[in-house]
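The values are calculated or read from the model by the stated rules, or taken from the named source; none is laboratory data. Note that this is a predicted model, so its numbers are computed, not measured. Note: ideal-geometry Cβ built from the backbone for every residue, glycine included; neighbour counts use all protein chains shown.
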């Protein structure tokens, strides 16, 4: 079956079987004039509105195709997946919503973030990855001369207090990161 003939239901089945959205999108784009149509089919299969993937691309959705050639549809799908076009927003409970509010406050007080790191952090926010987003912000810290360190660390202390102290990743736990946040906040001038 040519990719252009795949339906949203077939895409949904392949995604449920564990295939990545980028792979399905790339295969679906084969034989299409406008590859963005494949992205929309994958988005629908994931339960996203048509506006959601377009908002995440944040510019002309056809621009990425213009940089590629026929035969590179797989690269197109991978690119859209890497920038988060297919991320499904996580339904957050009240506690997780509160954590995210504090993480956003910390991000606002950070004083800026590089685009690559910003994209990764944005994806964590969409997917509801509170612990990963918290640990990432702690590792980055506020920007020297541009951030508001006291607000940054205070927001992270509040967020960290709402998280499970034992949660973490290969680079540490929430408890360890929270200790760092408290120490950095104490160092800030009152």
message: Test of understanding: among 156, 121, 162, 137, which residue is closer than 17 Å to residue 96 by Cβ, modelled with pLDDT under 90 and out of contact with any strand residue (DSSP E or B) (no Cβ under 9 Å at 6 or more places or on another chain)?
response: 121
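Could you tell me whether the range 22-35 includes any residue that is within 18 Å of residue 119 (Cα to Cα) and either buried (at least 17 other Cβ atoms within 10 Å of the Cβ) or modelled with pLDDT under 90 (or both)?
Filtering the range 22-35 for residues within 18 Å of residue 119 (Cα to Cα) gives 22.
Next, only the ones that are either buried (at least 17 other Cβ atoms within 10 Å of the Cβ) or modelled with pLDDT under 90 (or both) stay: 22.
Yes, that holds for at least one residue.
Could you check, for the range 50-64, whether at least one of its residues is in a helix (DSSP H, G or I), farther than 30 Å from residue 181 by Cβ, more than 20 Å from the chain's Cα centre (by Cα) and free of Cβ contacts under 8 Å to residues at least 40 places away in the same chain?
As a first pass, look at the range 50-64 and keep what is in a helix (DSSP H, G or I): 51-57, 63-64.
Still in the running and farther than 30 Å from residue 181 by Cβ: 51-55, 57, 63-64.
In the following step, the residues that additionally are more than 20 Å from the chain's Cα centre (by Cα) were identified as 63.
From what is left, the residues that are free of Cβ contacts under 8 Å to residues at least 40 places away in the same chain are 63.
The answer is yes, given that some residue of the range 50-64 is in a helix (DSSP H, G or I), farther than 30 Å from residue 181 by Cβ, more than 20 Å from the chain's Cα centre (by Cα) and free of Cβ contacts under 8 Å to residues at least 40 places away in the same chain.
So, residue 101, is that one surrounded by fewer than 21 Cβ atoms within 10 Å (Cβ to Cβ), in the same structural domain as residue 142 (by TED's automatic domain parsing) and touching a helix residue (DSSP H, G or I) at 6+ places or on another chain (Cβ under 9 Å) or not? Spell out the reasoning first.
Details: surrounded by fewer than 21 Cβ atoms within 10 Å (Cβ to Cβ): yes; in the same structural domain as residue 142 (by TED's automatic domain parsing): yes; touching a helix residue (DSSP H, G or I) at 6+ places or on another chain (Cβ under 9 Å): yes.
The answer is yes for residue 101.
Restricting attention to the range 104-119, and to residues there that are in a helix (DSSP H, G or I) and buried (at least 17 other Cβ atoms within 10 Å of the Cβ), which single residue is nearest to the chain's Cα centre (by Cα)? Spell out how you get there, then give the answer.
Going residue by residue through the range 104-119, those that are in a helix (DSSP H, G or I) are 104-109, 115-119.
Next cut, buried (at least 17 other Cβ atoms within 10 Å of the Cβ) only: 105-107, 109.
Details: 105: 17, 106: 17, 107: 14, 109: 19 Å.
For the range 104-119, the residue satisfying everything is 107.
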- line: Within the range 7-27, restricting to residues that are free of Cβ contacts under 8 Å to residues at least 24 places away in the same chain and not in a helix (DSSP H, G or I), the one that is farthest from the chain's Cα centre (by Cα) is 17
query: Tell me, which residue of the range 65-98 that is crowded, with 18+ Cβ neighbours inside 10 Å and assigned to a helix (DSSP H, G or I) is nearest to the chain's Cα centre (by Cα)?
result: 81
- line: residue 41: passes all of (1) more than 21 Å from residue 12 (Cβ to Cβ); (2) part of a helix (DSSP H, G or I); (3) without any contact (Cβ under 8 Å) to a residue 40 or more places away in the chain but (1)
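Select from the range 133-190 the residues that are in a helix (DSSP H, G or I) and touching a residue at least 60 places away in the same chain (Cβ under 8 Å) and write down the one among them that is farthest from residue 108 (Cα to Cα). Spell out the reasoning first.
Restricting attention to the range 133-190, the residues satisfying the condition of being in a helix (DSSP H, G or I) are 133-140, 149-162, 174-187.
From what's left, touching a residue at least 60 places away in the same chain (Cβ under 8 Å): 159, 162.
Numbers: 159: 14, 162: 19 Å.
The selected residue is 162.
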